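What follows is one structure encoded as C-alpha cells, with my remarks underneath.
The values are calculated or read from the model by the stated rules, or taken from the named source; none is laboratory data. Only a predicted model underlies this, so the values are computations on that prediction, with no experimental measurement involved. Virtual Cβ from ideal backbone geometry, glycine too; neighbours counted across all protein chains shown. These accessible areas exclude ligands, DNA and RNA; they are computed on the full protein's heavy atoms, side chains included. Shrake-Rupley method; radii C 1.70, N 1.55, O 1.52, S 1.80 Å.
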Amino acid sequence: MKYLLILTILAFVAAFIYVRVRPYLATARRVLGFVRDARNLAAGAPPRRASRAGETLVRCSTCGTWLPASRAVSRHNPAVVYCSHACLERAAAAREPRRKSAS
Ligand SMILES: [Zn+2]
C-alpha cells in the first residue's frame with residue numbers, strides 16, 4: 001500500500017514536469033528546425049521538401065531548377081550541371097556566341 005502511494009505521487013510529479021516542460025520542448029524543436037532551415041538557405045542548399053530520401057539535389061546552371069543529381073547533365077566540370085541538354089546548349093551558346101554563327 002505504501003509503494004502504491006509513492007508510485008502515485010511519482011506519477012503525478014512526472015506528469016506535472018511533463019506538462020510544464022512540453023511547451024518549451026515544442027518551442028525548442030521549432031527554433032532548432034528554423035535554425036537548420038536558415039543555415040541550409042544560407043549555404044545555398046535546396047529546401048528539404050524537394051529532396052527524396054538519400055538523393056542529392058543539384059542546381060541547373062542555366063535556369064536554376066533543382067533536380068536529382070542522377071538526372072543532371074554535366075559536361076566537363078562536374079560542379080556545373082544542367083537540367084537538360086537544352087539548358088546545356090543554351091549555356092554553351094551564351095558563353096560562345098560567335099562559334100555558332102561562324103560555322
Ligand atoms: Zn535548366
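Quick notes on this structure:
- Using a probe of 1.4 Å on the protein chains alone, the accessible area found for L10 is around 100 Å².
- Y18-E55 FRET efficiency (beta carbon distance; Förster radius 41 Å; 0.05 resolution): 0.60
- Binning the C-alpha pair distances of segment 1-45 at 5 Å intervals from 0 yields a P(r) profile of 4, 20, 12, 13, 10, 9, 8, 7, 6, 4, 3, 2, 0 %, listed from the shortest bin outward.
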